[in-house]
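Heads up: the structure comes next, in structure tokens.
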Amino acid sequence: MKYLDEYRDADTARKYAAAIGDITTKPWTIMEVCGGQTHAIVRFGIEDLLPEKINLVHGPGCPVCVTPVEMVDKAIVIAALPEVIFCSFGDMLRVPGTKSDLLSVRAAGGDVRIVYSPLDAVAMARKNPEKQVVFFAVGFETTAPANAMAVHLAKTEGVQNFSVLVSHVLVPPAMESILSSPQNKVQGFLAAGHVCTVMGYKEYAPIVQKYKVPVVVTGFEPLDILQGLYMCIRQLEKGRAAVENQYSRAVQESGNMPAQELISKVFRVIPRKWRGIGEIPQSGWGLTAEYAAFDAEKRFDIAHAAREEPTECISGLVLLGQKKPAQCPAFGKTCTPEHPLGATMVSGEGACAAYYRYRKGEAA
Amino acid sequence: MTCPLPLAQYPRVLLAHGGGGRLMQQLIEKMFHAAFGNTDAHDAAVLDIPQSKLAMTTDSYVVRPLFFSGGDIGTLAVNGTVNDLAMAGAKPLYLSASFILEEGLEMETLWRVTQAMRAAAGAAGVKIVTGDTKVVERGHGDGLFINTAGIGVIEHGFSIAPDQVKAGDAVLLNGDIGRHGMAVMARRENLNFESDIKSDTMQLSETVQELLAAGVRVRCLRDATRGGLAAVLNEIASAAKLQIDIDDATIPVDPAVKSACEILGLDPLHVANEGRFVAFVSAEDAPLALEIMNRHTPQKNAARIGTVTQGSKGRVTLATAIGGRRILDMPSGELLPRIC
């Protein structure tokens with residue numbers, strides 16, 4: 001298939017793997033930030049091709065995984081209201097809240113629907129004026145332009161029965177949080193290509209300077225990842241630390257300016273809680289005052305009780321790159337994709353689910 | 001072809017159409033008997049079956065939308081049950097057809113479905129000999145549910161089951177995967193892909209009968225319906241207590257299906273099929289078996305996708321496109337598109 005098979009070519013992959021082997025003299029720990037990359041690494045068995053000295057750890061870039069449990073609980077409360085049509089991306093439906101999940105709400109009679117774009121939810125609000133249509137606006141910078149557009153559209157067109165439950169998070173503060181931890185093991189990053197199509201990669205320069213780690217903006221196909229690793233290892237071996245762009249077919253340094261303008265109109269930077277990690281300052285987006293009327297948290301009366309996550313689950317350490325999924329005592333035993341204890345076991349992009357699906361039964 | 005009088009006086013199904021009275025009688029005579037050619041109106045069909053081993057199966061069909069590109073619920077209801085019989089190595093002979101109709105269903109819709117069932121039964125060489133009709137109140141059904149049961153005869157001498165699978169056997173697939181699931185999803189969710197993806201629904205009975213007639217040593221057959229190819233391979237690896245090694249590069253997937261799956265973050269190996277099956281055959285019979293499969297699959301892309309090995313019990317591994325190897329696991333529950 002055009003623009004897909006080219007990036008999955010076995011011969012080229014072997015050549016890249018050999019080139020990585022040639023330049024690798026020391027052990028290096030590299031984190032791929034995005035869950036889509038984690039998924040590709042395990043799905044295509046990329047680690048099989050790498051020298052043993054290269055340790056890949058899996059980052060916090062899975063939006064489903066880092067959405068805090070109380071936000072899932074709020075979604076569950078709203079979705080169960082009789083006047084509400086609750087719209088979400090598909091894989092949020094299975095994420096466990098404290099006691100339930102959105103699939104169970106649907107089974108109990110709640111009107112929970114999967115949409116492929118937040119604009120579909122606005123259209124649904126127009127079509128169902130007697131209902132309250134709520135969209136679960138989760139994700140990183142990648143999903144923000146479409147989510148911002150939905151809110152903007154609802155405001156300009158006066159779609160009053162539409163609102164969003166916002167749980168947006170940002171990549172650079174999470175990378176800083178990982179690097180500033182005393183237990184940090186990460187020596188280089190593959191930055192998330194799709195986040196950078198929106199935001200560009202200027203914001204990584206201060207991180208690279210402060211922590212002296214290479215950051216390579218990387219795509220999602222096997223050859224993208226192998227090339228990104230090659231570029232990252234080449235920097236590490238030479239003692240360099242710079243921002244490089246492997247994903248140049250999609251990413252420009254300044255990113256998508258019209259998208260950024262819309263985002264900064266609709267969203268403002270706020271502190272956010274990350275599931276398994278805790279609160280990170282200035283790490284997320286909430287609605288600006290101009291669009292506050294579309295905030296589902298304000299529109300509906302929902303409890304704000306703090307929730308406890310299962311203590312057995314080490315998803316926070318997995319998301320910080322300090323542990324691998326198979327090092328969790330619950331992995332594959334009390335925690336499986338059918339009965340997930342933490343969100344990293346839920347999403348196809350979550351490191352635990354990816355390991356369970358593709359590497360079950362192997363040693364860590 | 002349109003719906004016959006006097007049914008045309010009732011453009012929609014009424015509760016009375018399931019009430020046991022005149023309306024129900026008319027529905028059975030004008031709709032079902034007209035389509036399926038029944039003659040007797042007894043409580044049970046009396047069947048002539050040659051002396052041999054019998055196979056029996058039943059399945060219920062619930063699909064939304066009722067019509068999708070390349071098929072409809074009626075075609076599925078016939079082919080699905082025919083295929084379950086075929087997978088046991090049986091030659092399908094008779095089907096039952098039970099309808100649960102929702103009050104208000106358009107009579108024209110039911111007519112189209114029964115005509116599709118007639119055509120599918122004809123193609124598979126089976127007779128629909130008995131059935132039932134119930135009507136539920138509006139809002140208590142999804143338009144139309146169908147249950148079919150089927151009886152077939154087994155005319156060959158050997159056992160076709162997972163415990164017959166041996167290390168060294170070839171794993172064959174009769175054509176490209178993922179069409180049905182993506183065709184239904186595209187229609188249900190109003191996803192407009194550039195190229196139309198058509199369901200692969202077809203009867204597999206002829207293919208299987210020809211494999212058996214040609215003397216192919218068939219060890220086990222399984223149609224790759226819900227859960228897709230990944231689920232089927234895992235089920236058989238577990239039941240046979242053997243390992244199955246698959247090569248991703250050999251699994252045929254139509255480019256349109258591949259693109260649609262990429263966009264939605266789905267794995268074609270997890271997507272449902274309605275006209276695809278996996279055959280475990282002795283390695284020396286594989287070329288002949290593939291030739292036979294290709295005579296019946298319109299796309300002519302049957303392929304050998306792997307081999308059974310001693311390995312570890314119940315494990316399925318997949319050689320990836322770039323030369324890595326990974327576990328191919330059972331899909332878990334409902335297919336949910338990814339965020340990004």
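Once you keep just the Cα pairs under 8 angstrom separated by 6 or more residues, what percentage relative contact order results for chain A? Let's see the in-between values first.
On the way: 731 pairs, mean separation 81.4, N = 364.
Once divided by the residue count of chain A, the mean separation gives 22 percent.
Percent relative contact order of the range B:7-154, based on C-alpha pairs within less than 8 angstrom and at least six residues apart? Kindly include the intermediate steps, with their values, before the conclusion.
On the way: 266 pairs, mean separation 58.3, N = 148.
RCO, the range B:7-154: 39 percent.
Are there cysteines in chain A with no second cysteine's Cβ under 4.7 Å away, and if so, which?
A:CYS34, A:CYS87, A:CYS196, A:CYS232, A:CYS313, A:CYS328, A:CYS335, A:CYS352
Which order do B:ARG222, B:ARG118 fall in if you start with the one that has the fewest other Cβ atoms within 10 Å? Write down the numbers at each step before the final one.
Details: B:ARG222 21, B:ARG118 18.
With the sparsest Cβ surroundings first, the list reads B:ARG118, B:ARG222.
Going by the alpha-carbon gyration tensor, a ≥ b ≥ c the square roots of its eigenvalues, is the range B:237-340 rounded (a/c under 1.5) or, if a/c is not under 1.5, prolate (a/b greater than b/c) versus oblate? Let's see the in-between values first.
Details: a/c = 1.86, a/b = 1.19, b/c = 1.57.
Oblate, because a/c is 1.5 or more while a/b does not exceed b/c.
Of all beta bridges DSSP finds with both residues in the range B:7-154, what is the antiparallel percent, to the nearest 5?
Details: 22 of 31 bridges.
Around 70 percent antiparallel, to the nearest 5.
Could you tell me how far the Cα centroid of the range A:250-277 sits from the Cα centroid of the range A:120-165, in Å?
A separation of 17 Å, based on Cα centres.
How long are the semi-axes of the equivalent ellipsoid of the range A:86-173, defined as square roots of 5 times the Cα gyration tensor eigenvalues? Whole Å, largest first. Let's see the in-between values first.
Working: eigenvalues 86, 75, 16 Å².
Gyration-tensor ellipsoid for the range A:86-173: 21, 19, 9 Å.
Return a whole-number percent for the relative contact order of chain B, with Cα pairs under 8 Å and 6 or more residues apart as the contact set. Walk me through the numbers on the way to the answer.
Details: 744 pairs, mean separation 71.6, N = 340.
21 percent.
Looking at the square roots a ≥ b ≥ c of the eigenvalues of the Cα gyration tensor of the range A:211-352, which shape do they give, rounded for a/c under 1.5, prolate if a/b is larger than b/c, or oblate? Can you show the working numbers first?
Working: a/c = 2.20, a/b = 1.12, b/c = 1.97.
It comes out oblate by the Cα gyration axes.
Quick one: which residues, 5+ away or cross-chain, put their amide H under 5 Å from the amide H of B:LYS241? H built at 1.01 Å from N.
Long-range HN contacts for B:LYS241: B:GLY314.
Return the long-range amide H neighbours of A:VAL166 (sequence gap of 5 or more, or a different chain), with a cut-off of under 5 Å between placed amide H atoms.
Those lying under 5 Å, H to H, from A:VAL166 are A:ALA137, A:ALA296, A:GLU297.
Among A:SER100, B:SER259, which comes first, then next, by fewest other beta-carbon atoms within 10 Å? Mind dumping the intermediate values first?
On the way: A:SER100 17, B:SER259 20.
Lowest to highest Cβ neighbour count: A:SER100, B:SER259.
Would you compute, from DSSP H runs of 4+ residues alone, the mean residue ellipticity of the protein assembly as shown at 222 nm, taking -39500 (n - 2.57) per run and dividing by the full residue count, rounded to the nearest 500? Provide the component values of the computation, followed by the final result.
Numbers: 23 runs with 227 residues, N = 704.
So the calculated ellipticity at 222 nm is -9500 deg cm²/dmol.
Based on the Cβ-Cβ distance from B:GLN310 to A:LYS53, what FRET efficiency comes out when R0 is 35 Å, to the nearest 0.05? Don't skip to the answer; put the middle values down first.
Details: r = 33 Å, r/R0 = 0.94.
Using R0 = 35 Å, I get an efficiency of 0.60.
Please arrange B:THR320, A:THR344 by counting, for each residue, the other beta carbons lying within 10 Å of its beta carbon, fewest first. Display every interim value, and only then the final one.
Details: B:THR320 24, A:THR344 35.
Placing the least packed residue first, the sequence is B:THR320, A:THR344.
In Å, the Kirkwood hydrodynamic radius of the range B:7-154 over pairs of distinct alpha carbons? Can you show the working numbers first?
Details: mean 1/r = 0.0643 Å⁻¹.
Roughly 15.6 Å, rounded to one decimal.
I need the phi-derived Karplus couplings for the range A:145-160: 6.51 cos²θ - 1.76 cosθ + 1.60, θ = phi - 60°, integer Hz, Gly and Pro marked x.
Running phi through 6.51 cos²θ - 1.76 cosθ + 1.60 with θ = phi - 60° gives x, 5, 5, 5, 4, 4, 5, 4, 4, 4, 5, 5, 9, x, 7, 6 Hz.
Using alpha carbon centroids, what distance separates the range B:183-244 and the range A:43-99, in Å?
Here the answer is 30 Å between Cα centres.
Work from the charge dipole of chain B (Cβ charges, +1 for Lys and Arg, -1 for Asp and Glu, about the Cα centre) and give the residue of B:VAL257, B:SER195, B:THR133 farthest towards its positive end.
Towards the positive end, the residue furthest out is B:VAL257.
Would you kindly calculate the mean projected area, averaged across all directions, of the convex hull enclosing the Cα atoms of the range A:82-239, in square nanometres? Numbers along the way, then the final one.
Details: hull surface 48.9 nm².
Computing the convex hull of the Cα atoms and averaging its projections yields 12.2 nm².
Can you work out ³J(HN,Hα) from phi for every residue in the range B:242-253, in order, using Karplus 6.51 cos²θ - 1.76 cosθ + 1.60 and θ = phi - 60°, giving whole Hz and x for Gly and Pro?
9, 9, 10, 9, 10, 10, 3, 5, 8, 7, x, 9
If r is the Cβ-Cβ distance from B:ARG226 to B:ILE263 and R0 is 25 Å, what FRET efficiency results, to the nearest 0.05?
On the way: r = 22 Å, r/R0 = 0.87.
It comes out at approximately 0.70.
How big is the Kirkwood radius of the range B:88-164, worked out from every pair of different alpha carbons and given in Å to one decimal?
14.4
With N set to the number of residues, divide the alpha-carbon radius of gyration of the range B:162-327 by 2.2 N^0.38 Å and report two decimals. If you can, show how the numbers build up before the last one.
Details: Rg = 15.5 Å, N = 166, 2.2 N^0.38 = 15.3 Å.
Normalised by 2.2 N^0.38 Å, the Cα Rg of the range B:162-327 equals 1.01.
Select from the range A:1-100 those trypsin sites (Lys or Arg not before Pro) which occupy a DSSP coil region and have at most 10 other Cβ atoms within 10 Å, ordered by residue number.
Values: sites: A:LYS2, A:ARG8, A:ARG14, A:LYS15, A:ARG43, A:LYS53, A:LYS74, A:ARG94, A:LYS99; in loops: A:LYS2, A:LYS53, A:ARG94, A:LYS99.
Hits after loop and neighbour filter: A:LYS2, A:LYS99.
Starting from the amide H of B:GLY19, placed 1.01 Å from N in the peptide plane, find each other amide H under 5 Å away whose residue is 5 or more places distant or on another chain.
B:MET24
Could you compute the FRET efficiency for A:GLN160 and B:ASP59, with r as their C-beta to C-beta distance and R0 at 56 Å, rounded to 0.05?
Details: r = 47 Å, r/R0 = 0.84.
In this case the efficiency is close to 0.75.
In whole Å, largest first, what are the principal axis extents of the Cα atoms in the protein assembly as shown?
86, 64, 43
Can you give the three extents of the C-alpha atoms in chain A along their principal axes, from longest to shortest, in whole Å?
For chain A, the Cα extents along the three principal axes come out at 65, 46, 44 Å.
Between B:GLU274, B:GLU29, B:GLU137, where does the largest GNM mean-square fluctuation fall for chain B, given springs only between Cα atoms within less than 10 Å?
In this elastic network of chain B, the residue with the biggest mean-square fluctuation among B:GLU274, B:GLU29, B:GLU137 is B:GLU137.
Given points 7 Å out from each Cα along the Cα-Cβ axis, report the A:SER248 to B:ARG188 separation in nanometres with one decimal.
Taking the two extended label points, one gets 4.4 nm.
Could you tell me which of rounded, prolate or oblate describes the range B:104-217, using a ≥ b ≥ c as the square roots of the eigenvalues of the alpha-carbon gyration tensor, with rounded for a/c under 1.5 and, failing that, prolate when a/b is larger than b/c and oblate otherwise? Before the final figure, lay out each step's value.
On the way: a/c = 2.42, a/b = 1.48, b/c = 1.63.
In terms of gyration-tensor shape, oblate.
Per residue of the range B:102-107, in order, report the coupling 6.51 cos²θ - 1.76 cosθ + 1.60 (Karplus, θ = phi - 60°) as ³J(HN,Hα) in whole Hz, putting x for Gly and Pro.
Once rounded to whole Hz, the list reads 8, 3, x, 4, 5, 4.
In Å and from the alpha-carbon atoms only, list the Rg and Dmax of chain B.
Answer for chain B, Rg first and Dmax second: 21.1, 67 Å.
Just so you know, all these numbers are worked out from the coordinates, no wet-lab data involved. Worth saying up front: this structure is predicted, and the values here are computed from it rather than measured. All Cβ positions, glycine included, derive from the backbone under ideal geometry; neighbour counts span all protein chains shown.
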